[in-house]
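Colleague: Encoded as structure tokens, here's the structure I'll be asking about.
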């Protein structure tokens with residue numbers, strides 16, 4: 001019994017036992033060979049490559065959303081931060097001339113807080129940036145805290161008045177923490193008028209203590225201690241206002 005031999009698949013264009021080449025028409029020579037269709041029931045391959053915009057890279061998109069940092073208000077704020085290490089030189093500027101240098105450095109830095117705030121808010125607040133909102137209060141706290149600590153260290157704030165330094169610096173840290181906690185809940189703790197009054201009296205007190213010697217016929221040291229006490233009272237009051245307003249609203 002003869003067994004039928006299975007037919008072998010032949011490549012297109014080949015024929016016969018000797019596999020002679022068959023003539024191929026023009027349509028067959030140019031027609032692409034399509035891949036075999038998947039078996040029934042087999043899931044088709046899905047292209048999971050995320051669609052991207054070839055005209056822009058991911059880094060370029062992030063850069064486009066990044067706000068401008070180097071504007072004039074932020075530059076002034078950084079200048080105020082640069083005065084902080086200058087306050088560390090107070091022990092080497094204890095003479096009358098050196099005290100005036102330290103006092104005027106502090107006064108210029110304190111006044112710059114008003115200038116950069118005005119520049120940021122003009123033209124509809126175009127100069128207000130997220131980094132500016134962070135650096136501006138940070139610069140104020142660093143400047144005042146450093147000056148007070150150094151004045152205490154050199155003895156221009158007596159030891160019995162050290163509690164005032166603790167109150168002022170502690171309140172600054174507490175309010176900063178409160179603002180950070182409020183921001184996580186989507187709230188903003190604005191500056192109350194009590195806080196602005198405290199900042200003004202506090203800056204005048206530090207400036208007077210830095211002058212130390214009689215200035216314009218006024219005992220600057222005594223004036224500074226009196227105003228520092230007033231600033232401590234305003235510090236406690238404004239701190240209570242901030243915390244009571246926030247937790248009162250939460251309730």
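The values are calculated or read from the model by the stated rules, or taken from the named source; none is laboratory data. Everything numeric here is computed off the predicted structure, so don't read it as measured data. Cβ coordinates were reconstructed from backbone atoms using ideal geometry, including for glycine residues, and neighbour counts include every protein chain displayed.
Residue-by-condition table, conditions (1) closer than 26 Å to residue 99 by Cβ; (2) over 29 Å from the mean Cα position of the chain (by Cα); (3) surrounded by fewer than 14 Cβ atoms within 10 Å (Cβ to Cβ):
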position	(1), (2), (3)
192	no, no, no
196	no, no, yes
202	yes, no, no
211	yes, yes, no
222	yes, yes, yes
225	yes, yes, no
238	no, no, no
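Colleague: While we're here: List the number of the failed condition for residue 174; all other conditions in (1) farther than 23 Å from residue 225 by Cβ; (2) modelled with pLDDT of 80 or more; (3) surrounded by 18 or more Cβ atoms within 10 Å (Cβ to Cβ) hold.
Modeller: Of everything listed in (1) farther than 23 Å from residue 225 by Cβ; (2) modelled with pLDDT of 80 or more; (3) surrounded by 18 or more Cβ atoms within 10 Å (Cβ to Cβ), residue 174 misses just condition (3).
Colleague: Sticking with this one: In the stretch 119-133, how many residues are under 20 Å from residue 82 (Cα atoms) and either free of Cβ contacts under 8 Å to residues at least 24 places away in the same chain or more than 21 Å from the chain's Cα centre (by Cα) (or both)?
Modeller: 1
Colleague: Anything in the stretch 152-167 that is surrounded by 10 or more Cβ atoms within 10 Å (Cβ to Cβ) and part of a helix (DSSP H, G or I)? List them, or say none.
Modeller: 152, 153, 161, 162, 163, 164, 165, 166, 167
Colleague: Surrounded by 15 or more Cβ atoms within 10 Å (Cβ to Cβ) and modelled with pLDDT of 95 or more: is that true of residue 120 in this structure?
Modeller: no
Colleague: Which of the numbered conditions does residue 213 fail, given that it passes all the others? Conditions: (1) modelled with pLDDT of 90 or more; (2) within 13 Å of residue 137 (Cα to Cα); (3) in a loop (DSSP other than H, G, I, E, B).
Modeller: In the conditions (1) modelled with pLDDT of 90 or more; (2) within 13 Å of residue 137 (Cα to Cα); (3) in a loop (DSSP other than H, G, I, E, B), residue 213 misses (2) alone.
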